[in-house]
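Here's the structure we're looking at; comments come further down.
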């Protein structure tokens, strides 16, 4: 007998359908267990040997719930448990229920040491199997929630909450990685440092909500126009840093001017208000690097010097690093 309401209640509580792997050399048990699991809402994959099961578990998106018979041809259930735990130490967790006709505490202890999560003696009661499966399902769903929460925390730690772009720490870290790669491959790395013109005036006249929308829109336009392997991050309050791997100075200048034009081409709209936003940009390129930290800082200072020159020369323009402006850029005497 089967009771579909058992897993319907689990689904109502927020559990999703799950794929289960049933491994047993007995065709009778494979059919019996497979039919029961299907009636309870599981997807079922069947295998009759340990080697067949291992091939299935090595595939991407393999089942996360496995019911293994202890005695199997070639690779037995206990050895299969050990392989699962060894191979999945850093990957998705597989919840393993070991099925066996062996009784006794010593056998149970051996199964648990091998990595089994649960142990069920044949012939088993249907309701007991349901209960064990529900426990495994809950644990797997909770583990998935934890992984999702961890990824959300990682994203929050590396991305700017307003624009969704990389934050300062992450975009600078990317630049460091690209400089290391450029050293190995003897290739250039271009950077563009962009700053929204007269942003204080935007906030003062149209309000901070409009200013926030301007930052989001500028970030979106920059991200859409860059190559998939380029990087863009919010470097400061109204500054954006772009990292362009394998991009020399002429190409970096061209890309910066294209991006500047994209920003200035259409106004930003928010709550019935519209305003044309422009950006000034400084460009610098690392051609041959030797010391990572010093090269990174020097490159950022050079891009900052170009940005300072763009501000001084009228805004809404692109300038590249000019040595005589380095001291002035370091002072950051920039007007809004």
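The values are calculated or read from the model by the stated rules, or taken from the named source; none is laboratory data. Since we're looking at a predicted model, the values are computed, not measured. Using ideal geometry, Cβ is built from the backbone for each residue, glycine included, and neighbour counts are taken over all protein chains shown.
Counting the residues of the stretch 234-284 that are in a strand (DSSP E or B) and surrounded by fewer than 21 Cβ atoms within 10 Å (Cβ to Cβ) gives 7. Taking the stretch 293-336 as the range and being in a helix (DSSP H, G or I), closer than 21 Å to residue 171 by Cα and at pLDDT below 65 as the test, the residues that pass are 293, 294, 329, 330. Applying the set (1) in contact with a strand residue (DSSP E or B) (Cβ under 7 Å, 6 or more places away or on another chain); (2) part of a helix (DSSP H, G or I); (3) farther than 17 Å from residue 63 by Cα to residue 130 leaves exactly one unmet item: (1).
If you scan the stretch 171-204, which residues turn out to be in contact with a strand residue (DSSP E or B) (Cβ under 8 Å, 6 or more places away or on another chain), assigned to a loop (DSSP other than H, G, I, E, B) and more than 17 Å from residue 307 (Cβ to Cβ)? Lay out the reasoning, then the answer.
Taking the stretch 171-204 and keeping what is in contact with a strand residue (DSSP E or B) (Cβ under 8 Å, 6 or more places away or on another chain), we get 171-172, 174-175, 178-179, 181-182, 187-197, 202.
Next cut, assigned to a loop (DSSP other than H, G, I, E, B) only: 187-188, 197.
Scanning the stretch 171-204 gives 187, 188.
Every listed requirement among (1) at pLDDT 90 or above; (2) surrounded by fewer than 21 Cβ atoms within 10 Å (Cβ to Cβ); (3) in contact with a helix residue (DSSP H, G or I) (Cβ under 6 Å, 6 or more places away or on another chain) is met by residue 65 save one, (2).
Yes or no: the stretch 159-168 includes at least one residue that is part of a helix (DSSP H, G or I) and within 13 Å of residue 286 (Cβ to Cβ). There is no residue in the stretch 159-168 that is part of a helix (DSSP H, G or I) and within 13 Å of residue 286 (Cβ to Cβ).
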